[in-house]
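Below is one structure; the comments refer to it alone.
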Amino acid sequence: MTEEPDDALSSADHYYSAHPRSASDRGRLRFLYRGEILSFTVDRGVFAARELDPGTDLLIQSLEVGRSDRVLDLGCGWGAVGVAAAKAAPDGRVVMVDVNRRAARLARENLAQNRLTNAEVRVGSMFEAVPGERFDVIATNPPYRIGRPQILALLRQAPNALTETGRLWIVGKRSQGILHYQRTLAEEFPGTVEVVARGSGYRVLRASRTPRPDARAR
Ligand SMILES: C[S@@+](CC[C@H](N)C(=O)[O-])C[C@H]1O[C@@H](n2cnc3c(N)ncnc32)[C@H](O)[C@@H]1O
C-alpha cells in the first residue's frame, strides 16, 4: 500500500472516505490473472487510483481459491482482489465490502465489465457488512491508515467469519506493521500462520483455522 500522500486524492480526502470529494477522473487498467486479461475502471478518490498496488498484486498472484469457495474481499477498493477471486471460484460466491461508495460503485462495474455474476459488493464497515456469515477465504489488503486498533480488531474477528477449514490472507509491509500483525495472527490462529509470498518489501500471510496437514508454521 502506498504510504506517501496520494496525488489522486484531494487534500480533504482519504482513500477510505465514505464519500470522496476528489473530482472524478476515470481511467482504465488491465492485468493478467491465471492467463486471462482482467480489465478495470479506476478513479480518483479510491485506493490505487491509477495502477494496481504492488502489495495487492502479490496477494492476488499468491491467493489460493477453490472453484466453489465462498470468499470475502475486505476493503475491496475498485475490486482487483474480488474480481480475481470471482474468476477463480466460478461455482462459489464472492462478497466484496468497502466503506467508500465510489470504490463500491467501481467494484460493481468491474464485476460486470469482466462478466462475473458470482459476486456482490456491499457498502459497509468490515465484518459488520457480513453478520453471521462464514467464508472459506478472507482476503485483504487492509486500510492500514485507519489505525492499529481497527486492524487488530479485524484480525481478532476473522476466525469467527471463517469456516472450520477457512483461511485468512493478508498483505502488508514492515512500515505498515505487518510483523506486529503477524504476531497477533499467531495468537488468533495458533500454529498455522505462514509467509506465503514476499516481494517489493511486502509479505503475504496466510492463517488457517485448522492446521493444514502439509503446513509447517513459521
Ligand atoms: C489498502 S485499500 C485496498 C483496496 C483494494 N482491495 C486493493 O487492494 O486495491 C483498503 C480499502 O479498505 C477500505 N476501507 C477503509 N475502511 C474500511 C472499513 N471500515 N470497512 C471496509 N473497508 C474499509 C478503503 O476504502 C480501501 O478501499
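Just so you know, all these numbers are worked out from the coordinates, no wet-lab data involved. The model shown is predicted, which means the values in this text are computed figures rather than measured ones. A quick note on method: Cβ atoms are made from the backbone with ideal geometry, for glycine too, and the neighbour counts reach across all protein chains shown.
Taking GluC sites (Glu not before Pro) in DSSP loop states with no more than 14 other Cβ atoms inside 10 Å as exposed sites, the chain has its longest site-free stretch at 134-218.
Helix 178-188: angle to the longest alpha-carbon principal axis of the chain, degrees 0 to 90, nearest 10? Rounded to the nearest ten degrees, it is 50.
For the chain, what is the percent of antiparallel DSSP beta bridges, rounded to the nearest 5? Taking every DSSP beta bridge with both residues in the chain, the antiparallel ones total about 50 percent. Between the helical axis of 148-157 and the dominant principal axis of the chain, each derived from Cα atoms, what acute angle in degrees is found, rounded to the nearest 10? Its long axis makes an angle of about 50 degrees. What's the angle, to the nearest 10 degrees (0 to 90), between helix 101-113's Cα axis and the longest principal axis of the chain? Its long axis makes an angle of about 80 degrees. Relative contact order for the chain: 17 percent, from Cα pairs under 8 Å spaced at least 6 residues apart, divided by residue count.
For the chain, what is one quarter of the convex hull surface built on the Cα atoms, given in nm²? List each step's numbers first, then the result.
On the way: hull surface 43.9 nm².
The Cα convex hull of the chain, projected and averaged over all directions, gives 11.0 nm².
Projecting the Cα positions of G132, A186, A103 onto the charge dipole of the chain (unit charges on Cβ atoms of Lys, Arg, Asp and Glu, taken about the Cα centre) puts A186 furthest along the positive direction. Of the three principal axes defined by the Cα atoms of the stretch 77-195, the extents in descending order read 39, 30, 26 Å.
GNM on the chain, alpha-carbon springs under 10 angstrom: the most fluctuating residue among L152, L162, L32 is L32.
So, R0 is 22 Å and r is the distance between the beta-carbons of R156 and T210; what FRET efficiency does that work out to, to 0.05? If you can, show how the numbers build up before the last one.
Working: r = 18 Å, r/R0 = 0.82.
That pair, R156 with T210, gives E of 0.75.
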